[in-house]
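All remarks here apply to the structure that follows.
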Amino acid sequence: MIEKKWQKKWAEEKIFESDPNDKEKLFITVAFPYPSGAMHIGHGRTYTVPDVYARFKRMKGYNVLFPMAWHVTGAPVIGIADRIKRKDPWTLDLYENVHRVPASELPKLEDPEYIVKYFSSEYNEVMHEMGYSIDWRREFRTIDPTYKKFIEWQITTLKEKGLVIRGEHPVKYCPRCDNPVGDHDLLEGEGVGVNELTLLKFKIDDKILVTATLRPETIVGATNIWLNPDIEYIEVSANGENWIITKEAHHNLSNQIKDLEILNEINPNDLIGKLAINQFTGETLPILPASFVSDDYGSGVVFSEPADAPADYIALKDLKNNAELISKYNLEGIIEDVNPIPVCTVKGYGEIPAADIIEKLGIKDQNDPKLHDATNELYKIEHSKGRIIDSIEGYGGKKVSIAREELKEELISKNIATIMYDFAEKPVICRCGENCVVKIMDNQWFMKYSDPEWKVKTHEVLERETIIPPEVKNNFNYYIGWLDDWACSRNVGLGTRLPWDKQWLIEPLTDSTIYMSYYTIAKFLRNMNPDDLNNAFFDKVLLNKDSDDVKVDAETVDEIQKEFNYWYPLDWRLSAKDLVGNHLSFLMFHHSAIYPENKWPKGTVVFGMGLLEGNKMSSSKGNVILLKDAIEDYSADVVRLFLMASAEPWQDFDWRQKEVLGTKRRLDWFKEFGQKVEEIKGSPLDINNIEKVELTRTIDLWMLSQLNQHIKAAGEALEVFQTRKALQESLFLLRKDIDHYLYRQSHLLDKKDPAVIYVLSTVLESWIRLLAPFTPHSCEELWSKYGGNGFVSQASWPEVNEDLISLKIEKSEELVQNIIKDIKQIKNMLGDDISKIHIYLSSDWKWNLYEIANEVGKPDIGQIMGRAIKANIYDNKKEIANVAKKLGREMTKTKYVGKINENQIINDALAYINQEVDGEVIIHTDDSYDPENKAKNAMPYKPAIYME
RNA sequence: GCAGGGGUGCCCGAGCGGCCAAAGGGGGAGGACUUAAGAUCCUCUGGCAUAGGCCUUCGAGGGUUCGAAUCCCUUCCCCUGCACCA
C-alpha cells in the first residue's frame, strides 16, 4: 500500500513537526472533534480542508503549524454511557452498527471516559490514514491535568476582569434524572422552545388565583377568570401568599419558585361563580368554567380577554349558549354582563379581533383544534403590527410589543405579577420516559457577553479578521450584538471545575475558546508537573506578566514563552457554520478580553454541511459512511480529492458514489499520465532534469500558456480556501487541455518530437506538485518514481511563468478550432462533394478598424467610422462602413486581444486541420482567386471560407 | 417573527454588465477501440434553420443600458440559525 508507505516515511522523517525557525510562520487550526462516535466522511471534509491548506502553504515556503487535540469535556458522553449501562436498545444498536464498535469493546463504553478515549484514539488512527500533516507532538485531551490548569487560569483571568458573574437561568430539566437535558437527550419534543409567561395575580378572599399569560398587556381587557372544573387544583404557599394553581402546574413551577409548599386541594366548583379582583384595574371579575383550559400549561388558571384571545372569545360564547352550565353554577345575572373589552387595534381587523379570526377560520367551539392556529395568527399580527387603543390610560397608542414589556415591568414592580417559564409545546419527554420541566438553575455562573465594553472590543476583533466566506461577517456582527450572558457552569459532565466554586464544572463551549494558544506550548507541558503550572506560570508565558510565584525554572519558561510568541496569533480558524453563533463568537470574545491586539485571531473559515446521496448526513439516523470504510473502498487520496473537489468548504457537499467513482478514474488517469509521457519519450523520465527546447509551434506554446494559467488560478483560489475552484483548474480543466494537446499532436506522438517531450514533461512535473496538497500519497509516489528530489510535500509550489501566459496564443488556438468548426458546419450543409477549401484572411486595414473599435469600446458605428476615416485606414469609405457595421455586431461577441498572425497560425496547424476536415486547404491572403466573392467577408479572428 | 443565504439547462453546480445557448461534473445518445463487457478517446445533449445563421431560456413581473443570468425596484418560493447544546 503506497499510502501507508508514505505515511510511515513522513512520520520517520518528522517532516510535519514544526518548530520555530527563520521562515514566515502560519498557524492554522480547525475546531477539535468531540469524539463520541466514529469519524464519518463529513468529518473527513472538515479536517481535510486545513490539511490541504497547510500542505499548500508549506510548499509556498511557510513554516506551518497544524495541530490536533480532543475535546472530551461536556455532558453527552455521560448520557451515552448511562444508556449503554441501561442497555438502551437504540443506543446499543447505534454504537454497534453505525459506529461499529466491536462487541468486546461495547460494554466498556459504560465508562464515559472510556468512550472519549476509545473514539479519540480511533480518530487519531483515521486521521493518520487520511495522511493529515499534523504535528502530533501537540496532541492533548481537554481533561488532561495540564490542560485543566490552563483552563483554570483562563477562567480566573476572566473573573478578575469582572466578566464571570452569578445569575440564574431556566433550562430544560428531567426531574427523574435530576439533570438538565439537551435536545439530544429527548425522546420527544426536540427543538421545543421555552416561553416566558407572566403570572398575574387575581385576589379572591385571602387567596390568589395565579393566571399565566403570554400577553400581560391585555390585563386591561380582562373580563373574567377561567377554571376547568374537570382538573385538579391545589392551594400552595408561595412567599407568604396563598396561590391557587393546578397540581400539574405545581410540578413544573416548583422547579422555578422556591419553597412552593402544597397546603391543600381546592375544588374548582366551589370557586366558579364567585368574584375575583383585578388588582391592576380594581375591577371584580367572575370566575367561570371552561373546558379548553389545560392543567399542564402555565398555571392552569387563565384570565379571559375575549377581545383578542380567540379561545376566550369562543369559550364565552359557548358558555352563554349553555343553559345547563349557567344554571348549574347560578350564573344568571352575571354572564350577561361579561362582554369583550377592546384593547388592541390592528389593520384588517375590527373592534374585536378575536371575533373576526374565529369567523375567518370557521371555528365552532372551544375544543376546535383550529383554535391553536387562530391564537397564533392573531398573536403574531398584533405583536408585530398592533397598537393599544387610545382610550387606555398610559398605554394608549403604543405598539403592542412595547406596551407588553412596559406593563409587565409595572405589574411586577407592584407585585401583581411575576415570571414563570413553560415549554412552547408539549410534551417534552426525556429519554428515560419522564416529562421534562423548566427548571431555574440558580447560583449559576455566567460569561457576561452582555457587557457593552466587551462587545465593542469583540467587534474590533471581528473587524480586523478576514472571514471566509465574507458574507458570514454580517452574521458574526449580528451574533456578537445579540449574545446575552451565557451560563458557563454545569453540574454534570467531564471537565474542569470552577477554581472558586468547586461544585460547578466549566461548560464545554467556554473551555474551548482560546485553547489554540495551548497547542503552541503543549509539547512542553505534556511532560511537566501540573502542580507547577499555576496562574503565575501562564501569566508569564502567555501575557508576559512577571511574578515571584512562577515555579518553573526561568530558562524553560523562556523557551515556552518564545514558542508561544512565535506561533501566536492564530492565522486561520476553521469551523462549521452552526458554530458561528456560539463557539466562533466566543473565541473572539475571549481573545479580546484576554490577549492584546497583536494576539487576536486573523482569519476564520466557516464550513457547510455534508449530504449523502442528497440526504442530510446524521450518525443518529444511521445515514453516514464511516471515513475508514471510504478509505478502504477508494483510498485516502480519492476521498480527499472528492471532498475537496465537489464543493467549496463553506458549501454543502454531497457524497454520491457515482461521482466518487468518477473522481477515482480521474486520479487514475493522472497517475498513468507519467507512464504515457515516458512512452512518448521512449526513455525513463527525470523531472529533475528536463531538457529545455525552444518552442516555435503555437500549439506547444498554447499548452504551456494554459498550464501557467491554471497554476496561477489554482494558487489564487487556494489562498482563499477555494479548494473546488483550485481543483477545477489544476485537475479538471488542466486535464481537458492535456487531452486536447495530445489529440492535437497525435500525429507527432510516435515521432519523439523534442518539443512535445519537453512540453509534456514540464506539464507532468508541475502537475505533480500542483496536486500534492490534495492527493499527497499519489504525488509522493510519482515524484519519487520520476526523479523528483526529496518529498514532494517539501517541494515548492510551481511558480507561475507570466511570460508564457498569452491571450494571443489562446486566441490563436481558438482561431484554429473555429475554422474547423465552421468548415465542418458548412460541409455538412453542402454535402460531401468538396475537394478544395479556400480560406481568406482578413486584410490589414480591417485589423486597424478593429483596433479602433476596441478603443471606442462600444458598438457606436458613427464614432468608429469617424476615427477610422480620420486615421485614413482605407480609401473605400463605403467598404469601411460595411465592415464597421459587421464589426459592431462581432465585437460584442468576441474579445479583442490584438493582432495575431493568422497566416502562420493556420499554416502551423495545417496538418491537423486537414486531418479534421478532410480536404485540400488553401490559404489566401488576397482575392486573386475568389469566384464567389467571399474574400470580403473575412474578418479578424474569422477568416472567410469558400469551398468547392 | 428576527437575522443571514439562495432560486441557472434532465440532476449537481460555476458564472454576477458584452468572448453566455451559459464552465465543470453526473446522467443520457451516437461513434472509435474491444471477441464481448468495462475502461479509454471523440461528437452531440433548448428549439428552428442549413454558407458559418436565427429564435426562446438563467423563479415571476417591471425598469436602467447600444447591450442583463449578471445592476435597480416589486413579488413569489426555498434553505440555515435563533442558544445553555457539542
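The values are calculated or read from the model by the stated rules, or taken from the named source; none is laboratory data. This structure is a prediction, so every number in the text was calculated from the model and none was measured. As a convention, Cβ positions derive from the backbone with ideal geometry for all residues, glycine included, and neighbour counts pool all protein chains shown. Protein only, heavy atoms only, side chains kept; ligands, DNA and RNA dropped before computing areas. Shrake-Rupley method; radii C 1.70, N 1.55, O 1.52, S 1.80 Å.
General remarks:
Every residue, every condition in (1) among the charged types (D, E, K, R); (2) away from RNA strand B (no atom under 16 Å from the Cβ); (3) part of a strand (DSSP E or B), yes or no:
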residue: A:187; (1), (2), (3): no, no, yes
residue: A:202; (1), (2), (3): no, yes, yes
residue: A:217; (1), (2), (3): yes, yes, no
residue: A:237; (1), (2), (3): no, yes, yes
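- Leading residue by the ranking (modelled with the lowest pLDDT) among those in segment A:336-363 that are part of a helix (DSSP H, G or I) and touching a Leu at 6+ places or on another chain (Cβ under 7 Å): A:357
- Tally, over segment A:596-623, of residues that are hydrophobic (A, V, I, L, M, F, W, C) and part of a strand (DSSP E or B): 5
- Within segment A:251-273, the set of residues being surrounded by 14 or more Cβ atoms within 10 Å (Cβ to Cβ), touching a residue at least 12 places away in the same chain (Cβ under 8 Å) and part of a loop (DSSP other than H, G, I, E, B) comprises A:255, A:256, A:257, A:260, A:272, A:273.
- Segment A:918-938 - residue that is within 11 Å of RNA strand B (Cβ to nearest atom) and not in a loop (DSSP other than H, G, I, E, B) and, of those, least open to solvent (accessible area, probe 1.4 Å): A:935
- Residue in segment A:604-620 that is open to solvent by 20 Å² or more (accessible area, probe 1.4 Å), under 30 Å from residue A:146 (Cα atoms) and among the basic types (Lys, Arg) present: no
- Every listed requirement among (1) open to solvent by less than 40 Å² (accessible area, probe 1.4 Å); (2) within 16 Å of RNA strand B (Cβ to nearest atom) is met by residue A:53 save one, (2).
- Condition check for residue A:701: open to solvent by less than 20 Å² (accessible area, probe 1.4 Å) and over 18 Å from residue A:648 (Cα atoms): no
- Test: residue in segment A:581-589 that is open to solvent by 10 Å² or more (accessible area, probe 1.4 Å), part of a helix (DSSP H, G or I) and closer than 18 Å to residue A:66 by Cα: no
- Residues in segment A:121-157 that are closer than 26 Å to residue A:44 by Cα, assigned to a helix (DSSP H, G or I) and open to solvent by 10 Å² or more (accessible area, probe 1.4 Å): A:121, A:122, A:124, A:125, A:128, A:129, A:136, A:137.
- Considered as a group, the residues in segment A:653-678 that are surrounded by 17 or more Cβ atoms within 10 Å (Cβ to Cβ) and within 8 Å of RNA strand B (Cβ to nearest atom) include one that is nearest to residue A:580 (Cα to Cα), and that residue is A:663.
- Residue count for segment A:27-45, restricted to those that are open to solvent by less than 10 Å² (accessible area, probe 1.4 Å) and out of contact with any Ser or Thr (no Cβ under 7 Å at 6 or more places or on another chain): 9.
Residues checked against (1) touching a residue at least 60 places away in the same chain (Cβ under 8 Å); (2) within 16 Å of RNA strand B (Cβ to nearest atom):
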residue: A:77; (1), (2): yes, yes
residue: A:106; (1), (2): no, no
residue: A:135; (1), (2): yes, no
residue: A:142; (1), (2): yes, yes
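- When segment A:730-765 is filtered for residues that are surrounded by 16 or more Cβ atoms within 10 Å (Cβ to Cβ), touching a residue at least 40 places away in the same chain (Cβ under 8 Å) and either of a type in the set (D, E, K, R) or at positive phi (or both), the ones remaining, listed by number, are A:735, A:744, A:765.
- Segment A:337-351, residues that are under 16 Å from residue A:226 (Cα atoms) and either free of Cβ contacts under 8 Å to residues at least 12 places away in the same chain or open to solvent by 100 Å² or more (accessible area, probe 1.4 Å) (or both): A:337
- Residue tally, condition surrounded by fewer than 23 Cβ atoms within 10 Å (Cβ to Cβ) and more than 18 Å from residue A:312 (Cβ to Cβ), over segment A:202-229: 5
- Some residue of segment A:823-840 being touching a helix residue (DSSP H, G or I) at 6+ places or on another chain (Cβ under 9 Å), open to solvent by 10 Å² or more (accessible area, probe 1.4 Å), within 16 Å of RNA strand B (Cβ to nearest atom) and closer than 27 Å to residue A:735 by Cβ: yes
- Unmet criterion (only one of (1) closer than 27 Å to residue A:290 by Cα; (2) open to solvent by less than 70 Å² (accessible area, probe 1.4 Å)) for residue A:364: (2)
- None of A:852, A:905 is at pLDDT 85 or above and under 30 Å from residue A:747 (Cα atoms) except A:905.
- The number of residues in segment A:486-495 that are in a loop (DSSP other than H, G, I, E, B), out of contact with any Ser or Thr (no Cβ under 6 Å at 6 or more places or on another chain), more than 6 Å from RNA strand B (Cβ to nearest atom) and not hydrophobic (A, V, I, L, M, F, W, C) comes to 1.
- For segment A:679-695, taking the residues that are charged (D, E, K, R) and either open to solvent by less than 50 Å² (accessible area, probe 1.4 Å) or outside any loop (DSSP other than H, G, I, E, B) (or both), the one that is nearest to residue A:644 (Cα to Cα) is identified as A:679.
- Against the test of being in a helix (DSSP H, G or I), open to solvent by 10 Å² or more (accessible area, probe 1.4 Å) and among the small types (Gly, Ala, Ser), the options A:778, A:784 yield a single qualifying residue, A:784.
- When each of A:191, A:167 is tested for being within 15 Å of RNA strand B (Cβ to nearest atom) and not in a strand (DSSP E or B), the lone residue that passes is A:191.
- Filtered residues of segment A:624-652 (kept if open to solvent by less than 40 Å² (accessible area, probe 1.4 Å), within 9 Å of RNA strand B (Cβ to nearest atom) and charged (D, E, K, R)): A:648
- Out of A:885, A:858, A:893, one residue alone is farther than 21 Å from residue A:815 by Cα, open to solvent by 30 Å² or more (accessible area, probe 1.4 Å), part of a loop (DSSP other than H, G, I, E, B) and within 13 Å of RNA strand B (Cβ to nearest atom). It is A:858.
- Scanning segment A:100-120 for residues that are crowded, with 22+ Cβ neighbours inside 10 Å and not in a helix (DSSP H, G or I) returns a single hit, A:101.
- Listed by position, the helices (runs of 4 or more DSSP H) inside segment A:387-485 whose residues that are acidic (Asp, Glu) and free of Cβ contacts under 8 Å to residues at least 40 places away in the same chain number at least 1 are A:400-413, A:452-464.
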